[in-house]
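Q: Quick one: structure below, then a few questions.
The values are calculated or read from the model by the stated rules, or taken from the named source; none is laboratory data. Computed from a predicted structure; not experimentally measured. Positions of Cβ are backbone-derived with ideal geometry, glycine not excepted, and every protein chain shown enters the neighbour counts.
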Amino acid sequence: MAQDKDQAVHYETTALSNHNQLAIIWLNNPPVNALSKAVRVGVIDAMHKALADRSVAAVVISSKQALFSGGADISEFASGDYEPPLPSVLHLIENADKPVVAVLNGPAFGGGLEVALACHYRVTFAANKVGLPEVNLGILPGAGGTQRLPRLAGVAMALDMIVSGRPTPAKKLPGVFDLLVEDPTALMSESVHFCQKLLDAGAVIKRTSDIAIDPASAPADLFAQFRQGMAKQTRGFFAPERCVQAVEAAVALPFDQGLIKEGELFMQCMQSPQARAQQHFFFAERAASHVKDYDKSTPVREIKTVGIIGAGTMGGGIAMNFANVGIPVTLLEVKQEALDKGLALIRKNYEGSAKKGKLTAQQVEERMALLTGSTQYADLADVDLVIEAVFEKMSVKQEVFKALDNVCKAGAILASNTSTLDLNEIAQATSRPQDVIGLHFFSPANVMKLLEVVKGEQTSPDVIKSAMHMAKKINKVAVLVGVCFGFVGNRMIETYGREANRLLLEGANPEHIDQVITDFGLPMGPFTMGDMAGQDIGYFVRQSRREFIQHDPSYCVVADRLVEQGRVGLKAGKGAYLYEPGSRVPIADPEVMVIAQQEAKRLNIAPRKHSDQEIVERIIYPMINEGALILAEGIAAKSSDIDVIYVYGYGFPVYRGGPMKYADEIGLKTVHQAMLKYRDELGDYGIMWFEPAPLLAELASQNKGFASA
C-alpha cells in the first residue's frame, strides 16, 4: 500500500507469479526528484521494509515525476547537512540480498544516475538520456559514479561523460542498461515482466562493485591522450583533472579503495574557489528570472508573430531565434537588395548547421518558410512584437519608432536592440512609452545565450513579464536591467577598454595585456576582442559621448588613431594586430606601439613596466567598481545578475563566478585598497577613474560582500 501522497518516497507492492511480490519504491520529490534528505531517508526506510518482507522477491526503484532524478539537492551544499549521505544509501541498495532494478522513466542526472548504477539491473526506454553533470558545479560525482560508470560503460565512455558533463543517450550505453524499451508507455509493464524473468532464472544479483575493469580497456596512454584533448576547453577549471584522477583510481584500485579516493578528490573540489564560483553561478542564473517588477497576477501578452527592423547580421540573428521555435517573423529593410542579402545570410547559417548534422534539410526549409521579407512598414501592422535592430544612432532609432507607432496595432510590444542609447528617449518618439522595452541581444544573436531586458521609466509590468517569458521561449537567459548608458554589460565593458588603452600609453603592449587577460580566464583579451568586433564600433560610441570623456585627453586615443588610419580590425586585415587573408590569428604589429609612444609623448605620459598583477587589477577592478555603482543606482537588482550578464555576454570565466562573485571571493577590501592605491599613484588620471564607489567602500569597511548588498 502506498505511503502518504505528500511524502517524498512512496512504497507499494504488486503481485508476481508464484506468490511473490515486487516492491516498488517511487521517488516523488517535485519538481526534479532531487535527492534531498527526505528522499534519502525515505529510500533507506523503503529498502529496509522490502528486504524484511519475505513475500518481496525483488525491488524496483522508479519515479512518479517526469525525471527519474535530477541529482543532489544543491541547496544542501550550503547547509552541509548530508546525513544520511548518498553513498550510504547506495551501499544499502548495492548490497541488498534481493535483486534491485532501477527503472528510469525519464532522465537521470548526477546522483540520480549514481542511484541507478548502484542497482543490480537497469531498465529504461531507448530515447532516454542520462549524465553526470557535476563537473558543471565544480565538483565530481561523489557517490560512486566515477567508480561504477567505468565498470559498466567502459573507461573511455565514462571519462567523456564525467569530464564533459554532457547528457548521453541510453542507447549509446549498452553496458549500463540491461533492457531498453522502445515505447516509454510500456516501460513499467515491460519492467515487471523483466523482473519476473529474473526471478524465474534464479534471481542472480549483479553488483557493479564486483566488476573488474579489464586493463586492456584502459591502455597506458588513454589518460594522457584524454588530458591532452581536454586541455583547451578545461583551462582554468579545477574539477576536470580530479574527474580524470578519480577514473584512474577506478582502473588502478579495488572498488572500496577507489571510493575512498573518489571521496578525497570530491572534497578537494568542494573546497575549491572554482566550485564556490560555479555553484554561485548555477543559482545566479536561476535567480535572474525572479524579479520584483511583476507578480503572478500580471498578465502576459501573447507573442505569435514578430517583426524585425533591419536584416543585417544582428537583425538576421535575432530572427533566427524566433524561427527556431516556430514563430513567424517579418524582416523589414529599406532596400530590397539589403533584404535579399539578409535572408541569404540566414539561409547560409542554417545550411551550415545542416552540414554539421545539427539540422535536417527539411528543418532548414521549415525555418526559412517562417521568414518573410518586406520593405513596407505596413506589413508590420499585425505583429505582436517588433524589434528594431538598426544603426546605433538616436535620431535613426527615433525615426523607426515614430513609424512603428503609426502602423503597429494597439498592444504590440515595441522593442529596441540598442546596446547603449537611452531607452526612455527612444520611447518618447511614440505615443505609447508603456509598450516600449529594450531587448539587447548579444552578437552573434542566434548563438549567444544572454538577453539584457531593459525596462524604461514607463514600461508596463505586463510588457516586462512578456519579454522575460519570451526570452525563455527562445532559449535565452534574460536579465532585467534599468536605463543608463550601456545598461549593465556595455557600461562595465567601457572601463575594461579604457584601462587597456591607458596601459598602452604607459608602455604595455597589446600582446602582453591580452595574454594576461586570457590567462585570467577570458576567451580573448581586450585588443583581440576589439579587432573581432570592429574597432570602429567603439570609435562611434566615443564620438557620441565626447562631452562625457573630454576631461580625459588620454581616453582611448590609440584606438582612435587606429580607426582614423583605417585599422578597424579583422574585417580590414589590421587593427591592434595584423591578420593574414582568411585568418583570425592576430599577428603583433610594432607600428601600434609606435603610435602609442607618439601619443604618450604628446600627453607627457612616461613609459614603465607593468606586472601581470597590475594589468589584472587595472582592467578587472574598475569593472567591479562600476558594478558597485550600478548596484547602488538600482540599474541591476542584484550582484548575481551582473555575474550572469558577464559570464554569458562577455565570456567572464564561470569558474570565477562573474566579476562580482570574483570580488567577493578575493575580498572587497582587496579591491577597495587597490582602487585607492591606483587613485593615489596615477595622478590626475587616478583621481578621474579610480575613486572607489561608495557601496564598495561601505561593504569593504564592514567586511561584507556584494552578495549581501
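Q: Consider the range 370-396. How many of its residues are crowded, with 20+ Cβ neighbours inside 10 Å and not in a loop (DSSP other than H, G, I, E, B)?
A: Going through the range 370-396 one residue at a time, the tally reaches 6.
Q: Scan the range 466-488 and give yes if some residue there is more than 21 Å from Glu388 (Cβ to Cβ), in contact with a Gly (Cβ under 7 Å, 6 or more places away or on another chain) and either surrounded by 17 or more Cβ atoms within 10 Å (Cβ to Cβ) or among the hydrophobic types (A, V, I, L, M, F, W, C) (or both), otherwise no.
A: Narrowing the range 466-488 to residues more than 21 Å from Glu388 (Cβ to Cβ): 472, 475, 477.
Still in the running and in contact with a Gly (Cβ under 7 Å, 6 or more places away or on another chain): none.
Checked against the condition, which is being more than 21 Å from Glu388 (Cβ to Cβ), in contact with a Gly (Cβ under 7 Å, 6 or more places away or on another chain) and either surrounded by 17 or more Cβ atoms within 10 Å (Cβ to Cβ) or among the hydrophobic types (A, V, I, L, M, F, W, C) (or both), the range 466-488 yields no hits at all.
Q: List every residue pair whose Cβ atoms sit under 7 Å apart, with the two residues 6 or more apart in sequence or on different chains, where the first one lies in the range 538-550 and is on the phi < 0 side of the Ramachandran plot and in contact (Cβ under 8 Å) with a residue 12 or more places away in the chain and the second, anywhere, is among the hydrophobic types (A, V, I, L, M, F, W, C) and part of a helix (DSSP H, G or I).
A: Close Cβ pairs (under 7 Å, with a partner that is among the hydrophobic types (A, V, I, L, M, F, W, C) and part of a helix (DSSP H, G or I)) amount to Gly538/Ala559; Tyr539/Ala559; Tyr539/Val563; Arg542/Ile549.
Q: Going by the structure shown, is Lys661 outside any helix (DSSP H, G or I) and either within 28 Å of Gln279 (Cα to Cα) or out of contact with any Pro (no Cβ under 7 Å at 6 or more places or on another chain) (or both)?
A: Considered against the rule, which asks whether it is outside any helix (DSSP H, G or I) and either within 28 Å of Gln279 (Cα to Cα) or out of contact with any Pro (no Cβ under 7 Å at 6 or more places or on another chain) (or both), Lys661 comes out as no.
Q: Is there any pair linking a residue in the range 253-267 that is closer than 17 Å to Arg151 by Cα to one that is at pLDDT 95 or above and β-branched (Val, Ile, Thr), with Cβ under 7 Å and at least six apart or on different chains, and which?
A: Glu262/Thr146
Q: How many of the residues in the range 104-144 are under 30 Å from Gly236 (Cβ atoms) and assigned to a strand (DSSP E or B)? Break it down stepwise before answering.
A: Within the range 104-144, the first condition is being under 30 Å from Gly236 (Cβ atoms), and the residues that meet it are 107-114, 117, 129-144.
Still in the list and also assigned to a strand (DSSP E or B): 108-109, 129-131.
Of the residues in that region, 5 qualify.
Q: State all residues of the range 584-601 that are without any contact (Cβ under 8 Å) to a residue 24 or more places away in the chain and outside any helix (DSSP H, G or I); if no residue qualifies, say none.
A: If the condition is that a residue be without any contact (Cβ under 8 Å) to a residue 24 or more places away in the chain and outside any helix (DSSP H, G or I), then Val585, Ile587, Asp589 are the ones that fit.
Q: Restricting attention to the range 117-125, does a residue exist that is in contact (Cβ under 8 Å) with a residue 60 or more places away in the chain, of a type outside the set (Gly, Ala, Ser), more than 20 Å from Gly145 (Cα to Cα) and buried (at least 20 other Cβ atoms within 10 Å of the Cβ)?
A: yes
Q: Looking at the range 13-23, can you tell me whether even one residue there is in a loop (DSSP other than H, G, I, E, B), surrounded by 21 or more Cβ atoms within 10 Å (Cβ to Cβ) and in the same structural domain as Ala116 (by TED's automatic domain parsing)? Please lay out each step first, then the result.
A: Taking the range 13-23 as the starting set, the residues that turn out to be in a loop (DSSP other than H, G, I, E, B) are 16-20.
Remaining after also requiring surrounded by 21 or more Cβ atoms within 10 Å (Cβ to Cβ): none.
The answer is no; no qualifying residue exists.
Q: Of the numbered conditions (1) surrounded by 15 or more Cβ atoms within 10 Å (Cβ to Cβ); (2) modelled with pLDDT under 95, Glu599 fails exactly one; give the number of that condition.
A: Going through (1) surrounded by 15 or more Cβ atoms within 10 Å (Cβ to Cβ); (2) modelled with pLDDT under 95 one by one, Glu599 breaks only (2).
Q: Further question: Given the conditions (1) touching a Phe, Trp or Tyr at 6+ places or on another chain (Cβ under 8 Å); (2) in a helix (DSSP H, G or I); (3) assigned by TED's automatic domain parsing to the domain that holds Ile93, report the number of the one that Leu259 does not fulfil.
A: Result: Leu259 fails condition (1) only.
Q: Considering only residues of the range 665-701 that are acidic (Asp, Glu) and in a helix (DSSP H, G or I), which is nearest to the chain's Cα centre (by Cα)? First the steps, then the outcome.
A: Looking only at the range 665-701, we keep the residues that are acidic (Asp, Glu), and these are 665, 680-681, 684, 691, 698.
Checking which are in a helix (DSSP H, G or I) leaves us with 665, 680-681, 684, 698.
Working: Glu665: 20, Asp680: 38, Glu681: 38, Asp684: 40, Glu698: 31 Å.
The selected residue is Glu665.
Q: For a quick check of your reading of the model, give me the residue pairs whose first member lies in the range 677-701 and is of a type in the set (S, T, N, Q), whose second is in a helix (DSSP H, G or I) and buried (at least 20 other Cβ atoms within 10 Å of the Cβ), with beta-carbon atoms closer than 7 Å and at least 6 apart or on different chains.
A: Close Cβ pairs (under 7 Å, with a partner that is in a helix (DSSP H, G or I) and buried (at least 20 other Cβ atoms within 10 Å of the Cβ)) do not exist here.
Q: Mind counting the residues in the range 553-571 that are in contact (Cβ under 8 Å) with a residue 40 or more places away in the chain and among the β-branched types (Val, Ile, Thr)?
A: Looking only at the range 553-571, we keep the residues that are in contact (Cβ under 8 Å) with a residue 40 or more places away in the chain, and these are 553-559.
Of the ones still in play, those that are also among the β-branched types (Val, Ile, Thr) are 557-558.
Number of matching residues: 2.
Q: Counting only residues that are touching a strand residue (DSSP E or B) at 6+ places or on another chain (Cβ under 8 Å) and not in a loop (DSSP other than H, G, I, E, B), which one in the range 602-641 is surrounded by the most Cβ atoms within 10 Å (Cβ to Cβ)? Can you show your working first?
A: Narrowing the range 602-641 to residues touching a strand residue (DSSP E or B) at 6+ places or on another chain (Cβ under 8 Å): 627, 630, 635-637, 641.
Retained after the next criterion (residues that are not in a loop (DSSP other than H, G, I, E, B)): 627, 630, 636, 641.
Numbers: Gly627: 30, Ile630: 25, Ala636: 25, Asp641: 26.
Checked the range 602-641; the qualifying residue surrounded by the most Cβ atoms within 10 Å (Cβ to Cβ) is Gly627.
Matching residues to (1) closer than 21 Å to Gly131 by Cβ; (2) in the same structural domain as Ala72 (by TED's automatic domain parsing); (3) under 18 Å from the mean Cα position of the chain (by Cα):
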{"residue": "Met230", "(1), (2), (3)": "yes, yes, no"}
{"residue": "Cys243", "(1), (2), (3)": "yes, yes, no"}
{"residue": "Ala246", "(1), (2), (3)": "yes, yes, no"}
{"residue": "Ala249", "(1), (2), (3)": "yes, yes, no"}
{"residue": "His280", "(1), (2), (3)": "no, no, yes"}
{"residue": "Arg286", "(1), (2), (3)": "yes, no, yes"}
{"residue": "His290", "(1), (2), (3)": "no, no, yes"}
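Q: All but one of (1) touching a residue at least 60 places away in the same chain (Cβ under 8 Å); (2) within 24 Å of Arg122 (Cα to Cα) hold for Phe237; state the number of the condition that does not hold.
A: Of everything listed in (1) touching a residue at least 60 places away in the same chain (Cβ under 8 Å); (2) within 24 Å of Arg122 (Cα to Cα), Phe237 misses just condition (2).
Q: Still on this structure, please answer the following. Looking at (1) part of a strand (DSSP E or B); (2) farther than 19 Å from Asn29 by Cβ, which one does Ser62 not meet, given that it meets all the others?
A: Going through (1) part of a strand (DSSP E or B); (2) farther than 19 Å from Asn29 by Cβ one by one, Ser62 breaks only (2).
Q: Surrounded by fewer than 22 Cβ atoms within 10 Å (Cβ to Cβ) and either at pLDDT 95 or above or polar (S, T, N, Q) (or both): is that true of Ser69 in this structure?
A: no
Q: Farther than 19 Å from Leu149 by Cα and either of a type in the set (Phe, Trp, Tyr) or touching a helix residue (DSSP H, G or I) at 6+ places or on another chain (Cβ under 8 Å) (or both): does that describe Asp97?
A: Numbers: farther than 19 Å from Leu149 by Cα: yes; either of a type in the set (Phe, Trp, Tyr) or touching a helix residue (DSSP H, G or I) at 6+ places or on another chain (Cβ under 8 Å) (or both): yes.
So Asp97 passes the test.
Q: Here's a follow-up. Within the range 343-357, is there a residue that is within 20 Å of Tyr377 (Cα to Cα) and either exposed (fewer than 14 other Cβ atoms within 10 Å of the Cβ) or at pLDDT 95 or above (or both)?
A: yes
Q: Kindly provide the set of residues from the range 495-536 that are of a type in the set (A, V, I, L, M, F, W, C) and without any contact (Cβ under 8 Å) to a residue 24 or more places away in the chain, ordered by number.
A: Within the range 495-536, Met529 is the sole residue that qualifies.
Q: Being crowded, with 24+ Cβ neighbours inside 10 Å and in a helix (DSSP H, G or I) is the filter here; which residues of the range 414-425 pass it?
A: Leu423
Q: OK, next. Could you tell me whether Ser443 is outside the structural domain of Pro659 (by TED's automatic domain parsing) and modelled with pLDDT under 95? Even if it seems obvious, please write down each step before you answer.
A: Numbers: outside the structural domain of Pro659 (by TED's automatic domain parsing): yes; modelled with pLDDT under 95: yes.
Criteria met by Ser443.
Q: Can you name every residue in the range 436-465 that is surrounded by fewer than 24 Cβ atoms within 10 Å (Cβ to Cβ), assigned to a helix (DSSP H, G or I) and not basic (Lys, Arg)?
A: If the condition is that a residue be surrounded by fewer than 24 Cβ atoms within 10 Å (Cβ to Cβ), assigned to a helix (DSSP H, G or I) and not basic (Lys, Arg), then Pro461, Asp462, Ile464 are the ones that fit.
Q: Any residue at all in the range 503-510 that's crowded, with 21+ Cβ neighbours inside 10 Å, touching a strand residue (DSSP E or B) at 6+ places or on another chain (Cβ under 6 Å) and part of a helix (DSSP H, G or I)? Let's see the steps before the verdict.
A: Within the range 503-510, the first condition is being crowded, with 21+ Cβ neighbours inside 10 Å, and the residues that meet it are 503-505, 508, 510.
Among the residues that remain, those that are also touching a strand residue (DSSP E or B) at 6+ places or on another chain (Cβ under 6 Å) are: none.
The answer is no, given that none of the residues of the range 503-510 is crowded, with 21+ Cβ neighbours inside 10 Å, touching a strand residue (DSSP E or B) at 6+ places or on another chain (Cβ under 6 Å) and part of a helix (DSSP H, G or I).
Q: Quick one: count up the residues across the range 201-234 that are farther than 20 Å from Pro273 by Cα, surrounded by 11 or more Cβ atoms within 10 Å (Cβ to Cβ) and in contact (Cβ under 8 Å) with a residue 12 or more places away in the chain.
A: The qualifying residues number 16.
Q: Output the residue which, of all residues in the range 181-220 that are part of a helix (DSSP H, G or I) and of a type in the set (A, V, I, L, M), is farthest from Arg122 (Cα to Cα).
A: Taking the range 181-220 as the starting set, the residues that turn out to be part of a helix (DSSP H, G or I) are 184-200, 208-210, 215-217, 220.
Next, from what is left, pick out any that are of a type in the set (A, V, I, L, M): 186-188, 192, 198-199, 216, 220.
Working: Ala186: 15, Leu187: 12, Met188: 12, Val192: 12, Leu198: 12, Leu199: 15, Ala216: 26, Ala220: 31 Å.
So the residue we want is Ala220.
Q: Of the residues Leu90, Leu67, Leu35, only one is within 22 Å of Lys129 (Cα to Cα) and in a helix (DSSP H, G or I); which? Show your work before the answer.
A: Values: Leu67 fails: in a helix (DSSP H, G or I); Leu35 fails: in a helix (DSSP H, G or I).
Result: Leu90 is the single residue among Leu90, Leu67, Leu35 that is within 22 Å of Lys129 (Cα to Cα) and in a helix (DSSP H, G or I).
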